[in-house]
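Please treat every number below as a calculation from the coordinates, not as lab data. Being a predicted model, the structure only gives us computed values, none of them experimental. All Cβ positions, even for glycine, are placed from backbone atoms using ideal geometry, and neighbour counts span all protein chains on display.
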Amino acid sequence: MFTNAIVRKPCKNMVNGITSAKLGQPDYQNALKQHANYVEALKKCGIKVTVLDADENYPDSVFVEDTALITPKCAIITNPGTESRNGEKGAIEIALKNFFPDLQYIVSPGFVDGGDVMMAGDHFYIGLSKRTNKEGANQLITILKRHGLTGSTVALKSVLHLKTGINFIEKDNMLAFGEFLTKQEFGKFNIHEVPREESYAANSLWINGKVLVPKGFPKTLNIIKREGYEAIVVDVSEFRKLDGGLSCLSLRF
Ligand code: CIR
């Protein structure tokens with residue numbers, strides 16, 4: 001169960017964020033509204049939300065998930081693997097120190113983006129991507145081991161981050177598409193196939209028994225309802241324009 005989350009308001013400069021989506025520039029005013037609704041959705045799940053100020057120096061800084069990994073046993077600042085985003089970790093470090101005095105760190109030449117790390121109970125799957133390298137993954141696994149947790153790496157082919165393509169929604173259920181449907185390492189889970197045209201919704205987010213689902217993906221919504229979860233639909237279309245999904249917008253602990 002989660003009790004807290006940290007989010008960061010989008011900045012005006014988000015229009016210059018990194019993207020491969022080809023969906024046009026995000027609309028800042030609409031992004032602010034959608035972000036506020038996202039915070040309300042977190043609160044509906046019983047979470048106390050800390051909202052950090054926007055930072056115009058970092059166009060992608062709304063995607064706080066990439067800067068840290070928080071587990072039930074330890075909190076780690078990740079060393080994000082793209083230069084324009086690496087400095088985002090400074091503000092997150094300050095915010096997390098209030099909750100976790102004993103922060104751990106991934107250090108260069110190790111790089112990890114939090115979006116590449118998927119928690120499934122005591123085990124953490126770490127995607128090797130353009131942002132997360134083997135050295136970063138090894139450092140992370142060492143830290144996890146020290147805290148009685150385990151980690152393993154997953155090779156990625158076509159997605160930005162591991163959690164772009166697969167997400168654990170508890171009760172042994174994974175939502176996945178494409179390359180993740182047949183990967184041996186996920187064979188022990190119930191894999192629910194997200195249709196390709198709804199692939200963005202593979203990044204739905206379990207929080208305290210409820211699942212946040214992006215607006216506009218009815219087939220995935222049906223899967224989630226069918227599996228007995230209470231679904232909360234959240235419109236994050238402005239963040240999708242920057243390749244960001246529901247999990248990217250918060251750190252939960
Ligand atoms: C980026 O390319 O870094 C941002 N535009 C999107 C980050 C999305 N974060 C995530 O999947 N955890």
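Overall, the range 1-49 carries a charge dipole of about 100 debye about its Cα centre when +1 sits on the Cβ of Lys and Arg and -1 on the Cβ of Asp and Glu, all other atoms neutral. Normalising the average separation of contacting C-alpha pairs (under 8 angstrom, six or more residues apart) by the number of residues puts the relative contact order of the chain at 23 percent. Restricting the GluC sites (Glu not before Pro) of the range 1-83 to loop positions (DSSP other than H, G, I, E, B) with no more than 14 neighbouring Cβ atoms within 10 Å leaves GLU56.
Annotation for the range 40-126: chymotrypsin sites (Phe, Trp or Tyr not before Pro) lying in DSSP loop with at most 12 further Cβ atoms inside 10 Å of their Cβ do not exist. With the convex hull drawn over the C-alpha atoms of the chain, the volume per residue is 110 Å³. Need one number: % antiparallel among DSSP beta bridges in the range 4-252, to the nearest 5. If I count the DSSP bridges inside the range 4-252, around 40 percent turn out antiparallel. Charge dipole of the chain (Cα centre as origin; +1 on each Lys and Arg Cβ, -1 on each Asp and Glu Cβ, all else neutral): 340 debye, rounded to the nearest 20.
Qualifying trypsin sites (Lys or Arg not before Pro) in the range 94-179, where qualification requires a DSSP coil assignment and no more than 15 other C-beta atoms within 10 Å, comprise LYS130, LYS157, LYS171.
Between the range 1-45 and the range 120-138, what is the separation of their alpha carbon centroids in Å? If we compute the Cα centre of each part, the gap is 24 Å. Rounded to the nearest 500, the 222 nm mean residue ellipticity of the chain from helices alone is -6500 deg cm²/dmol, with -39,500 (n - 2.57) taken per DSSP H run of at least 4 residues. Along the axis of the charge dipole computed for the chain (Cβ charges of +1 for Lys and Arg, -1 for Asp and Glu, origin at the Cα centre), the listed residues ALA31, HIS161, GLY148 are led at the positive end by GLY148.
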